[in-house]
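Working notes for the structure below.
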Amino acid sequence: MRTTHLLLATALAAFICVATAAVRSQTTAPEYVGSQSCSRCHAPTYERWSHTRMANVVRDPKQHPEAVLPDFSKPDPLLTFTLDEVAFVYGSKWKQRYFKHVGDDYYPLPAQWDVIHRVWRPYFVQPKTDWWVAYYPADNAKRPTGPLCDGCHSVNYDLQKKTVTEWNVGCERCHGPGGAHVRQPTQRNIVNPAKLDFVRANDTCIQCHSQGQPLTNPNSGLYYDWPVGFHQGGRLSEFWKLEEHTLGETSFTHFADGTAHKNRMQGNDYVQSQMYKRGVTCFSCHDVHGTPHDADLIKAPRDLCLTCHAPMSPNGPRAATLELHTHHAAGSAGSDCVACHMPPIAQTIADINVRSHTFRFITPAESERLKVPNPCVVCHKDKTNAWAAEQLKHWPELSPWRVGP
């Protein structure tokens, strides 16, 4: 009997310890420690990541003067502020914007640099565009970046204090709070997106690469344009809803067929794709720790796609050679998979577009009916939808029911 009581007491004590730990883990605030803490054990990965755009989205021009792309000494009618007023520069690939520090927040300045065309352009979000515009004054100086930008350009943004653990897309943005892991490194106390189910794995990227709204808005009287309360490893759908679209309507965010009309909508596109439905993740193609390829692709685009989509493979294309599938010469721009399956149609600035992520071939007939650009005339800018439709009629492997009349 004494042995039985001892076993029961031991089991009860163990249960209490586990339950206490579980409650503590649910009630203790996530402990973020910053990417520098990760470098001690993950030096090669940290070094690669430190050179990526993810690690350098937001930069202080006083600490990093090399981050400033335009020449502020050259006069321009749109340049109504000085470099001394700039607390942060944001972006470096397509456009660069400038934030001013006022009080306890940052505010966008009224001009942005077009990186491709190397010209200044106005920066002001117009009425009846982004959903949040109706809740803020029509003045950049009264539209703080805290609720509208900073949650995705930082790690652990604190709504009340308006502070961050670190600026930029740091390790913990994708791997979750690392305090416990730094103290006692095990696989059990850090998030590895590669080991999550495909929904939560893709949520790693969709949390910021999507257009949507928090489920709870406003927060502390302000409307936020990022998933407030979400921590990596959770269910994004419990904090965030994707921008709604009515099929057949063209809006600021969507073409009539539901394809993204603007930048930062890769997630909105991707969840519609066959790739997503079959469990492919963003990091099946991208490695945000850094690669030599554009967009941190793990291989050059053509090689990457052909890893799973070699000619006559179960995944297609169903042609003996790539040339028979694309009807373009090997090595040409038209022979790249992304040319037809990821056309650049989502606007980021002026006439610069980023690539669609539905991976769906948009036919000339759909362009005529729904006014969504198709890849044929995106490349052949001097041609018409009718010309493209006629060309496709002579591609024997394409179903006439898919490409339209």
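Computed from the coordinates by the stated procedures, all read-outs in this text should not be read as laboratory data. Everything numeric in this text was worked out from a predicted model, so none of it was measured. Using ideal geometry, Cβ is built from the backbone for each residue, glycine included, and neighbour counts are taken over all protein chains shown.
Within a Cβ distance under 13 Å of Asp225, other residues only, what is the Lys/Arg minus Asp/Glu net charge?
0
Among the DSSP beta bridges whose two residues both lie in the chain, what percent are antiparallel, rounded to the nearest 5?
95
Net charge around Val86, counting only other residues with Cβ within less than 12 Å of its Cβ (Lys, Arg = +1; Asp, Glu = -1)?
+1
Roughly how many whole Å is it from the C-alpha centroid of the stretch 144-216 to that of the stretch 253-267?
When both Cα centres are located, 24 Å separates them.
Could you list Ile298, Ile345 so that the one with the fewest beta carbons within 10 Å of its beta carbon is first and the one with the most is last? Show your work: numbers first, answer last.
On the way: Ile298 14, Ile345 20.
Ranked by crowding around the Cβ, least crowded first: Ile298, Ile345.
Could you calculate the FRET efficiency of Arg302 with Thr163 from 1/(1 + (r/R0)^6), where r is the beta carbon distance between them and R0 is 30 Å, rounded to 0.05? Kindly include the intermediate steps, with their values, before the conclusion.
Numbers: r = 44 Å, r/R0 = 1.48.
Efficiency at R0 = 30 Å is approximately 0.10.
Please arrange Asp114, Asp84 by counting, for each residue, the other beta carbons lying within 10 Å of its beta carbon, fewest first.
Listing Asp114, Asp84 from fewest to most nearby Cβ atoms yields Asp84, Asp114.
Do any GluC sites (Glu not before Pro) in the stretch 317-386 lie in a DSSP loop with no more than 13 other beta carbon atoms within 10 Å, and if so, which?
Answer by residue number: there is no such site.
For a quick check, take a GNM of the chain with Cα springs below 10 Å and name the residue from Asn374, Asn217, Asn353 with the largest mean-square fluctuation.
Comparing Asn374, Asn217, Asn353 in a Gaussian network model of the chain, the most mobile one is Asn217.
Under a GNM of the chain (C-alpha, springs under 10 Å), which listed residue has the highest mean-square fluctuation: Lys161, Lys95, Lys262?
Maximum among the listed residues: Lys161.
Hey, fewest Cβ within 10 Å first, where do Arg59, Arg188, Arg118 land in order? Mind dumping the intermediate values first?
Numbers: Arg59 21, Arg188 7, Arg118 10.
Taking fewest neighbouring Cβ atoms as first place, the list is Arg188, Arg118, Arg59.
Under the rule of -39500 (n - 2.57) per DSSP H run of 4 or more residues, summed and divided by the residues of the chain, what mean residue ellipticity at 222 nm is obtained, to the nearest 500 deg cm²/dmol?
One gets -6500 deg cm²/dmol as the mean residue ellipticity at 222 nm.
Using a Gaussian network model of the chain with C-alpha springs under 10 Å, which one of His328, His357, His231 is most mobile by mean-square fluctuation?
Of the options given, His328 has the highest mean-square fluctuation.
How much net charge surrounds Thr145 when only other residues with a Cβ under 13 Å from its Cβ are counted (Lys, Arg +1; Asp, Glu -1)? It would help to have the intermediate numbers written out before the result.
Working: positive: Arg97, Lys100, Lys142, Arg143, Lys162; negative: Asp104, Asp105, Asp150, Asp225.
That sum, taken over residues with Cβ under 13 Å, equals +1.
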